[in-house]
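The values are calculated or read from the model by the stated rules, or taken from the named source; none is laboratory data. Bear in mind that the values here come from a model prediction, so they are computed numbers and not experimental data. Using ideal geometry, Cβ is built from the backbone for each residue, glycine included, and neighbour counts are taken over all protein chains shown. Surface areas here come from the heavy atoms of the whole protein model, side chains and all, with no ligands, DNA or RNA. Shrake-Rupley method; radii C 1.70, N 1.55, O 1.52, S 1.80 Å.
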Amino acid sequence: MAMVCLTDFEEYAKEHLSKATWDYYAAGADECCTRDDNILAYKRIRLRPRILRDVSVSDTRTTVQGTEISFPVGIAPTAFHCLAWHEGEVATARATEALNTCYITSTYSTCSVEEIVAAAPNGYRWFQLYVYRDRKLSEQIVHRVESLGYKALVLTVDVPYTGKRRNDIRNQFKLPPHLKVKNFDGVFQETAVPEEYGIPANTLDPSISWKDVYWLQSITRLPIIIKGILTKEDAELAVEHGVQGIIVSNHGGRQLDGGPASIDALSEIVDTVQGRIEVYLDGGIRTGSDVLKSLALGAKCVFIGRPAVWGLAYKGEEGVREVLQILNDEFRLSMALSGCRNVAEINRNLIQFSKL
């Protein structure tokens, strides 16, 4: 069967992954309202195409943090890629290197940061970081990724506690014995503490606050991007604390159910930031026109989570490349049909909100 759109990959993954694995990737928190609204929100936004603009040549390139990428779609940090494909994050890294875009490697990778770099030495990578009760754990991994050439830290701030994902609880989800959170291999000794997503429960630090941004700045020279901001108030605080970027994100709807769709939160954050730092977005991107809408509302780049995993489940590295290529082709076509020849021509005049 020809894979024509991202939904084809989703259907393949649902059919071929085990129920527990599919449920883990698909999970939203509680009633999954925010997860589902991430996708539905794009359907409420309409485009205002301009015509007769000579779109015979188009250019999808952009920059993030001063580095050029081939088009404004990267891979969001998603855990446990080896559940979907035996090579896991190594395959994802090769695919993003081949398409010259950004891959945000998850702390919860089933391949180590060293293995990922060795597999795709020329790839452009950021590293997604959690802050642990044991600050030394976080500090050690920051120094590891900095020495390996990762280009930014993506501090995820919306998980003081893990959201309630009902199917994971029903399935008693655990990593199979042959897989580990490789970045912490050997760090956590066998204990009686129950495991939560591959590491002992209560390892994340719920006391994390803005002062931890200063702490991070004191131990690294890497740019710090905060992932998980949904309000103008927190966007302003991020700028005041000297971070280099924001990822507007509700964690794929996996944390607080009832929060806004990412795309619905984007405008107020872009308006608050006023170009002082770059703003990105993840959550609900399924088509090239979703990418176009996000950029028109002020995102510099978007990141995909679940669709990358579906690509892995389909055909490993080749599947991720196909997912990215489809989005690239759809984005280029949507740009042209809207009268945009390059990313710089995309602006809010393209957008009209549906009355539905």
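Mind counting the residues in the range 215-252 that are polar (S, T, N, Q) and at positive phi?
Initial filter on the range 215-252 (polar (S, T, N, Q)): 217-218, 220, 231, 244, 249-250.
If we keep only those that are at positive phi too, we end up with none.
Of the residues in that region, 0 qualify.
Across the range 1-24, the qualifying residues are those that are closer than 23 Å to Pro176 by Cα and open to solvent by less than 20 Å² (accessible area, probe 1.4 Å), and the one among them that is nearest to the chain's Cα centre (by Cα) is Tyr24. Within the range 192-219, the set of residues being buried (at least 17 other Cβ atoms within 10 Å of the Cβ) and of a type in the set (S, T, N, Q) comprises Thr203 only.
Of all the residues in the range 102-128, those that are of a type in the set (A, V, I, L, M, F, W, C) and over 21 Å from Lys300 (Cα atoms) number 7. When the range 285-306 is filtered for residues that are open to solvent by 10 Å² or more (accessible area, probe 1.4 Å) and assigned to a loop (DSSP other than H, G, I, E, B), the ones remaining, listed by number, are Arg286, Thr287, Gly298, Lys300, Gly305. The set of residues in the range 124-138 being assigned to a helix (DSSP H, G or I) and over 22 Å from the mean Cα position of the chain (by Cα) consists of Arg135, Lys136, Leu137. Pairing each residue of the range 207-236 that is among the aromatic types (Phe, Trp, Tyr) with any residue that is open to solvent by 10 Å² or more (accessible area, probe 1.4 Å) and modelled with pLDDT of 95 or more, provided the two are 6+ apart or on different chains, yields C-beta distances under 8 Å for Trp210/Leu237; Trp210/His241; Tyr214/His241. If you filter the range 242-277 down to residues that are part of a helix (DSSP H, G or I) and polar (S, T, N, Q), you find that the one that is least open to solvent (accessible area, probe 1.4 Å) is Ser262.
Sub-7 Å Cβ pairs linking a first residue in the range 167-178 that is outside any loop (DSSP other than H, G, I, E, B) to a second residue that is open to solvent by 60 Å² or more (accessible area, probe 1.4 Å), at least 6 apart or interchain, number zero.
One residue stands out in the range 143-156 among those that are part of a loop (DSSP other than H, G, I, E, B) and either open to solvent by 50 Å² or more (accessible area, probe 1.4 Å) or of a type in the set (Gly, Ala, Ser) (or both): the one that is nearest to Gln244 (Cα to Cα), namely Ala152.
Please go through the range 1-25 and pick out each residue that is farther than 18 Å from Thr287 by Cα and either in a helix (DSSP H, G or I) or in contact with a helix residue (DSSP H, G or I) (Cβ under 8 Å, 6 or more places away or on another chain) (or both).
Filtering the range 1-25 for residues farther than 18 Å from Thr287 by Cα gives 1, 14-25.
Within the range 1-25, Met1, Lys14, Glu15, His16, Leu17, Lys19, Ala20, Thr21, Trp22, Asp23, Tyr24, Tyr25 meet the criteria.
When you check Lys227 against the structure, is it modelled with pLDDT of 95 or more, farther than 15 Å from Leu137 by Cβ, exposed (fewer than 12 other Cβ atoms within 10 Å of the Cβ) and of a type outside the set (S, T, N, Q), yes or no? So Lys227 fails the test. Could you please give the count of residues in the range 329-353 that are surrounded by 20 or more Cβ atoms within 10 Å (Cβ to Cβ) and either part of a strand (DSSP E or B) or polar (S, T, N, Q) (or both)? Number satisfying all stated conditions: 2.
Taking the conditions exactly as written (open to solvent by 30 Å² or more (accessible area, probe 1.4 Å), aromatic (Phe, Trp, Tyr) and either at pLDDT 95 or above or not in a loop (DSSP other than H, G, I, E, B) (or both)), does Tyr280 satisfy them or not?
Numbers: open to solvent by 30 Å² or more (accessible area, probe 1.4 Å): no; aromatic (Phe, Trp, Tyr): yes; either at pLDDT 95 or above or not in a loop (DSSP other than H, G, I, E, B) (or both): yes.
Against the criterion (open to solvent by 30 Å² or more (accessible area, probe 1.4 Å), aromatic (Phe, Trp, Tyr) and either at pLDDT 95 or above or not in a loop (DSSP other than H, G, I, E, B) (or both)), Tyr280 does not qualify.
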